[in-house]
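Student: Here it is, the structure in full.
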Amino acid sequence: MTLSTQEVREHARRRKELMRRIGADAVAIIPASSEVVRARDTHFRFRQNSDFQYLSGFPEPDAIAVIAPGRKEGEFVLFTRRRDKDSEIWHGRRAGPEGAVERYGADQAFNIDELERELPKLLMGREAVHYTLGEYPELDGKITGVVRYLREVSRRGAAAPTTFTALETTLHEMRLLKSKAEIALMRKATEVSARAHVRAMQMARPGRYEWQVMAEIQSEFERENMQPGYGSIVGGGDNACILHYTENNMPLRDGDLLLIDAGGELQGYTADITRTFPVNGKFSAAQKAVYEIVLEANKLAIKTLKAGASAGKPHEVAIRILTEGMVDIGLLKGKVDELIAQEKYRQFYMHGTGHWLGMDVHDVGRYKLGGKYRKFEPGMIMTVEPGLYIAPGTPDIDEQFWGIGIRIEDDVLITENGPEVLTSGVPKSVKDIESLIAAA
Ligand code: GLY
Ligand code: MN
Ligand code: MN
């Protein structure tokens, strides 16, 4: 694998911005992920650490990036796995330090086993180390060991860093605002994922199994060199009331709804889409009544994703619409304002209305600044995902509603001109869903 010139430039721009933010007297250290054993001597498919990927684009495990503003020998230093003929025959190619410089834009690169020798030179004279302690205990020990060593030496004149700052305070604020290149990837990831949901609606029917629908969706991802960005949820009937249901091992039944929450990841950027539709192609009256409430909440919450508006607004709007709807159909009794104040809606709506989306499905970046919800800015991407879940056997609730679980989740880009729904390729009105299935 190799990066295009454009990609190398994009990563260089990000590093430059990070350097501007941390300042000339700081250094940042960012580790790659390691492989994780799945069973005995096989590993899970490798997924790069998002922060490391964002700044370096380097796709291999067990690497470390050091970013040192203004350093003479080079500001971007990569430590990589040592090249090894046998390992490369068995397990795959390694770029090694030369490849890191030639193909990934590193100014200087070393073998990872040279880290302890090089790190003191990289940290010496720097005031602050931007590194997230606690995530990589082995590396924590090496870095704090180097700082201790420098402190000893500094009695004789050299300067040891005096502060440790969690890298995410700066880096995650950068990741929250997507660049043009990131938006292009998100467009493609969401477009393919929307197509996958359409295919699922077309092929699901009574007698098929949840895993067969999952296979249909995930094959659409794989066809585009994408993988699921998180465990796909394919829950028929009552299973939709289990928020993180991933067993996906039950048959689909006539008369049930099917809730699918699945998104494909493209070059580290994931979509996150949920649709809920009738397995037999026709909503029952009770299903439709609940569905229309959730759809209304979804649509009105999306409208609030405007630059300058509070990031707390979508949830506020969603809980109001959902609570009003629940009173209308008899799920809740009482005055809407009081029910909201007492959070009575939580029995049927127990999660938030959205989250940042990007490299991580629950992407990084703060929601509040100084204790108050921040304002939306162009370039942020958020999900909008209201739902209602009426557990089977809920006392005092009309049985026709038992086991109905509905979520409608879209991915929305905040632009200068208002919210742009990236996932509009998959239908969500009752009419559009029913006609799509009827035509299948
Ligand atoms: N798929 C995870 C979520 O919707 O937050
Ligand atoms: Mn989500
Ligand atoms: Mn989701």
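Student: Enumerate the aspartates and glutamates that Lys344 could reach by cross-link, defined here as Cα to Cα under 13 Å, with residues fewer than 8 away along the same chain left out.
Tutor: Glu324
Student: At 7 Å along Cα-to-Cβ for each site, give me the label-to-label distance between Lys431 and Trp90 in nm.
Tutor: Rounded to a tenth, the inter-label distance reads 6.3 nm.
Student: Another question, then. Charges on Cβ only, +1 for Lys and Arg, -1 for Asp and Glu, centred on the Cα centroid of the chain; of Met201, Val146, Met186, which one is farthest towards the dipole's positive end?
Tutor: Val146
Student: Based on the alpha carbon coordinates of the chain, what radius of gyration and maximum Cα-Cα distance (Dmax) apply, in Å?
Tutor: 24.9, 81
Student: Please compute the length gained on full extension between Tyr230 and Asp62, using 0.36 nm multiplied by the number of residues separating them and subtracting their Cα-Cα distance.
Tutor: Gain in length upon complete extension: 58.2 nm.
Student: I need the shape label for segment 1-52. Rule: rounded when a/c is under 1.5, else prolate if a/b > b/c, else oblate, with a, b, c from the alpha carbon gyration tensor.
Tutor: oblate
Student: With all distinct Cα pairs included, what does the Kirkwood hydrodynamic radius of segment 102-253 come out to in Å, to one decimal, could you say?
Tutor: Hydrodynamic radius (Kirkwood, Cα pairs) of segment 102-253 is 20.3 Å.
Student: Mind listing the Cα extents of segment 67-123 along all three principal axes, in Å, largest one first?
Tutor: Projected onto its principal axes, the Cα set of segment 67-123 covers 39, 23, 12 Å.
Student: Also: In the P(r) worked out for segment 136-221, what percent of Cα pairs fall beyond 16 Å?
Tutor: Here the long-distance tail beyond 16 Å is 73 percent of all Cα pairs in segment 136-221.
Student: Any idea what the alpha-carbon Rg over 2.2 N^0.38 Å comes to for segment 255-303?
Tutor: Cα Rg divided by the expected 2.2 N^0.38 Å: 1.41.
Student: What is the helix-to-structure angle for 210-223, meaning the angle in degrees between its Cα long axis and the longest Cα principal axis of the chain, kept from 0 to 90 and rounded to the nearest 10?
Tutor: 40
Student: Also, quick follow-up: Given Cβ point charges of +1 (Lys, Arg) and -1 (Asp, Glu) and nothing else, what value in debye, to the nearest 20, does the dipole of the chain about its Cα centre take?
Tutor: 1120
Student: What FRET efficiency do you get for Phe164 and Tyr209 if R0 is 56 Å and r is their Cβ-Cβ distance, rounded to the nearest 0.05?
Tutor: Step by step, r from the Cβ atoms, then E = 0.65.
Student: By how many degrees, 0 to 90 and rounded to 10, does the Cα axis of helix 285-303 deviate from the longest principal axis of the chain?
Tutor: Rounded to the nearest ten degrees, it is 40.
Student: Whole number please: convex hull volume per residue, Cα atoms of segment 309-380, in Å³.
Tutor: Given the Cα convex hull of segment 309-380, per-residue volume reads 109 Å³.
Student: A further question follows. Under 1.5 on a/c is rounded, so check that first for segment 1-140, then, if it is not, pick prolate when a/b is larger than b/c and oblate when it is not; a ≥ b ≥ c are the square roots of the alpha carbon gyration tensor eigenvalues.
Tutor: Prolate, because a/c is 1.5 or more and a/b exceeds b/c.
Student: From zero outward in steps of 10 Å, how is the percent of C-alpha pairs of segment 172-228 spread across the bins?
Tutor: Computed distribution, short to long bins: 22, 39, 24, 13, 3.
Student: Which lysines does Lys431 reach when only Cα atoms under 19 Å apart count, and residues fewer than 8 places away in its own chain are ignored?
Tutor: Lys282, Lys288, Lys299
Student: Moving on to the next point. Given a Förster distance of 25 Å, report the FRET efficiency between Glu73 and Val8 from their Cβ-Cβ distance, rounded to the nearest 0.05.
Tutor: In this case the efficiency is close to 0.85.
Student: Okay, moving on. If exposed means no more than 11 neighbouring beta carbons inside 10 Å and the site is in a DSSP loop, what's the longest run of the chain without any exposed GluC sites (Glu not before Pro)?
Tutor: The segment 74-415 is the longest one with no such site.
Student: Report, in degrees rounded to the nearest 10, the 0 to 90 angle that the Cα long axis of helix 137-154 makes with the longest principal axis of the chain.
Tutor: Value to nearest ten degrees: 30.
Student: Counting only residues 5 or more places away or on other chains, whose amide H sits under 5 Å from the amide H of Ile273 once H atoms are built in the peptide plane?
Tutor: For Ile273, whose amide H was placed from the backbone, the distant partners under 5 Å are Ala262, Gly263.
Student: For segment 368-440 and segment 295-320, what is the centre-to-centre distance using only Cα atoms, to the nearest Å?
Tutor: Spelled out, the Cα-based centre of one part sits 11 Å from the other.
Student: Follow-up. Does segment 383-440 come out rounded, prolate or oblate by the C-alpha gyration tensor, with a ≥ b ≥ c the root eigenvalues, rounded set by a/c under 1.5 and, if not, prolate when a/b is larger than b/c and oblate if not?
Tutor: Judged from the Cα gyration tensor, segment 383-440 comes out oblate (a/c at least 1.5, b/c at or above a/b).
Values quoted throughout were computed directly from the atomic coordinates according to the rules given, and no laboratory measurement underlies them. It should be emphasised that the depicted structure is a prediction, and the values quoted were computed from it without experimental measurement. Please note: Cβ atoms are built from the backbone with ideal geometry, for glycine as well, and neighbour counts cover all protein chains shown.
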